[in-house]
Amino acid sequence: MSVNGWLQEFRALHKRARQKQLGDDEKQLYLQAREQFARALTAAQGMTLKPGEMARQTFRVAQAMQIELSLNAGIMRAMTLDVSKGGFSVVLGKPPGENEMVGFTLRMPDGMDPIIGRAKLVASKKQIGNYRLSFAFQGMSDYDQERLETVLFDAALARIPG
């Protein structure tokens with residue numbers, strides 16, 4: 001099967017999964033296809049997987065999503081630069097404290113309920129006048145992980161013509 005043919009089949013399967021129209025056999029096929037698609041995205045991003053790591057947990061999507069961060073210094077509103085199932089990055093004027101746990105509210109598209117949780121700063125890069133900060137989600141529920149992953153696949157598919 002051609003790449004375009006596979007991609008069209010995956011799009012159709014993804015759409016049916018979003019509408020909760022998959023039987024058990026199709027769900028397994030869909031999860032395998034999601035992993036295959038995520039592996040292709042991960043490879044295209046120049047990322048390598050650790051042994052036993054699933055690409056679905058690793059790939060990132062450059063996606064602007066509204067996020068509100070609850071910091072010791074107060075509430076900060078920002079837009080994500082990229083998002084993965086494991087975390088997100090933003091640009092802020094100054095980073096939170098080194099061991100500060102950050103509360104967040106991530107606005108979801110299409111009127112979906114936001115994801116509310118906690119995150120930990122894992123990287124900080126000083127730029128001119130601000131910082132690029134990367135956060136890892138902490139203790140996100142399986143339900144919210146699945147919702148986020150679906151949104152990430154939507155965003156990735158939207159960038160591929162066809």
Size of electric dipole in segment 66-162: Cβ of Lys, Arg +1 and of Asp, Glu -1, about Cα centre, debye, nearest 20: 520 debye
Rg/Rh for the chain, where both radii come from Cα atoms and Rh is the Kirkwood radius: 1.00
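Size of the dipole of the chain about the Cα centre, Lys and Arg at +1 and Asp and Glu at -1 on the beta carbon, nothing else charged, in debye to 20? Write down the numbers at each step before the final one.
Numbers: 22 positive and 17 negative charges, 98 e Å.
Once rounded to the nearest 20, the dipole reads 480 debye.
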Part-to-part distance (alpha-carbon centres) for segment 58-93 and segment 110-137, which is given in Å: 3 Å
Cα long-axis angle, helix 142-158 against the chain (0 to 90 degrees, to the nearest 10): 70 degrees
The chain: calculated mean residue ellipticity at 222 nm from DSSP helix runs of at least 4, using -39500 (n - 2.57): -11500 deg cm²/dmol
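Just add up the charged neighbours of Ile115: K/R +1, D/E -1, any other residue whose Cβ is under 9 Å from the Cβ of Ile115. List each step's numbers first, then the result.
Details: positive: Arg107, Arg147; negative: Asp113, Asp144.
Once positives and negatives cancel, what remains is 0.
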For Thr42, solvent-accessible area (1.4 Å; no DNA, RNA or ligand), Å²: 0 Å²
Computed FRET value (nearest 0.05) for Ala73 with Val122, which takes r as the C-beta separation and R₀ as 25 Å: 0.85
DSSP loop GluC sites (Glu not before Pro) with at most 14 other Cβ within 10 Å: longest gap in the chain: 101-162
Spatially near lysine pairs across the chain, Cα under 23 Å, sequence gap of 8 or more or different chains: 11
Percent RCO, i.e. relative contact order, over segment 1-131, from Cα pairs under 8 Å lying at least 6 residues apart: 15 percent
Kirkwood-type radius of segment 96-136, with distances r between different C-alpha atoms, in Å: 11.8 Å
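The values are calculated or read from the model by the stated rules, or taken from the named source; none is laboratory data. The shown structure was predicted, so the numbers you read here are calculated from the model rather than taken from an experiment. As a convention, Cβ positions derive from the backbone with ideal geometry for all residues, glycine included, and neighbour counts pool all protein chains shown. In case anyone asks, the SASA skips ligands and DNA or RNA and just uses the protein heavy atoms, side chains included. Shrake-Rupley method; radii C 1.70, N 1.55, O 1.52, S 1.80 Å.
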